C-alpha cells in the first residue's frame, strides 16, 4: 500500500492493481454520462491537482522505498490536462521514479481534441504508453441517449490519433447499454468502430447500476419515449454473439472477464474468434460444460 492520501472514491482499471495510483485530478471533467455514478459524490467535484502537490506525493513515494514499476494517473480522465501539464508530470515520474516501465490513464475521446499527434508522441516517449478509452458504444443513438458527448466519429478520430502516436489503447464497450430496443445496433456499430480502430486491447463489461437505475431509466425514457430495462442473461449472450461475429480484428487482446460478466471470455481476435463465438453459443444453449457466474458471484 503506497503512503498517499486520496480523495475517495478512487477507481482504476483491474489491470492496474499493482500500480501506483497517482491522483493528478479529482473527479471527471465531463461527468454527464447517465450510466455512470463513479464521480457524483460531493467529494468528487472536478479539479486538477497543482503540480507542486504532485511532486510532493512522488517524493513521499521515493522516501517510502517501496518499488514502483507502473503508474496510473487518476481520476476519471487525467488526459484532459493540457499537454504541458502532462509533460511536466511525466517528467517528474521519470526524474524521481526511473524504474517505472509504464504510465497509463483513463481517456475520454474529447481529451485528445486539443493535442496533436506530435504532442501525444512526445508523451508516449516520456512513458505514457497506454490509455483506457471508455467508448461504451459505437452506436450514435446509444451514445446520445446516455449523454456521452461523443459520436462514432469522435471516438474513431481519438483512437486513430493514439495509434499514430504509438500509444496503446484499451477500449471498453458496455454490454446491455441500449436495452432490448437498441441491443442489435449497439453490438453491430460497436464492432464496426472496433474494426476501423483496431485497438490493442478490447474489454466488455455488463452495464449495471449499483446505486440504482432510476436516473438512467428516467433519462432514457424521456429521450427514447419508452421504458428501459436491463437485458436478461440470455439477451446479453445474444448481444455478445452479435458483437463477436461482427468483429474483424487482426491482433486485439480481448477480455470479457470483469465481475459484471456472466460468461468469462478471453482470447486474441481474430485467431480465437470462432472459439469465442462457439463458447457464447454453448452458453445460449445452456450447455452444462460452460461455467456461468451466478448472481452472487458477480460481486455487484
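Please treat every number below as a calculation from the coordinates, not as lab data. Being a predicted model, the structure only gives us computed values, none of them experimental. All Cβ positions, even for glycine, are placed from backbone atoms using ideal geometry, and neighbour counts span all protein chains on display.
Extent of the chain along its three principal axes (Cα atoms, max minus min coordinate, largest first): 56, 42, 38 Å.
Only alpha carbons enter this Debye calculation for the range 1-93, each as an equal point scatterer, and the log10 of I(q)/I(0) it gives at q = 0.15, 0.16, 0.21, 0.23 Å⁻¹ is -0.58, -0.66, -1.12, -1.30. Quote the FRET efficiency, to the nearest 0.05, computed for residue 125 versus residue 157 with a Förster distance R0 of 30 Å and r equal to the Cβ-Cβ distance. Once the sixth-power term is evaluated, E becomes 0.85.
Take the Cα of residue 15, step 7 Å toward its Cβ, do the same at residue 60, and the gap between the two points is 2.8 nm. Dividing the summed -39500 (n - 2.57) terms of all DSSP H runs of n ≥ 4 by the residue count of the chain sets its mean residue ellipticity at 222 nm at -12000 deg cm²/dmol. If the chain linking residue 258 and residue 233 were pulled fully straight, counting 0.36 nm for each residue of separation and taking away their Cα-Cα distance, it would gain 7.5 nm. Its relative contact order, with pairs defined as Cα atoms under 8 Å and 6+ residues apart, puts the range 97-145 at 49 percent. Relative contact order for the range 144-229: 35 percent, from Cα pairs under 8 Å spaced at least 6 residues apart, divided by residue count.
For Cα pairs less than 8 Å apart in space and 6+ apart in sequence, what is the mean separation divided by the residue count of the range 1-45, i.e. the relative contact order in percent? Taking the mean separation of contacting Cα pairs over the length of the range 1-45, I get 46 percent. Please report how far the C-alpha centroid of the range 135-166 lies from that of the range 195-258, rounded to the nearest whole angstrom. Measuring centre to centre over Cα atoms gives 14 Å. Angle of helix 83-96 to the longest C-alpha principal axis of the chain, folded into 0 to 90 degrees and rounded to 10: 70°. The simple Förster model, with R0 at 35 Å and r as the Cβ-Cβ distance, assigns residue 226 and residue 50 a FRET efficiency of 0.15. The distance from the alpha carbon centre of the range 1-52 to that of the range 92-134 is 17 Å, rounded to a whole number.
Given a Förster radius of 30 Å and the C-beta distance between residue 4 and residue 32 as r, what FRET efficiency does 1/(1 + (r/R0)^6) yield to the nearest 0.05? E between residue 4 and residue 32, to the nearest 0.05, is 0.55. With a simple spin-label model that places each label point 7 Å from the Cα along the Cα-to-Cβ direction, the separation between residue 214 and residue 292 comes to 3.2 nm.
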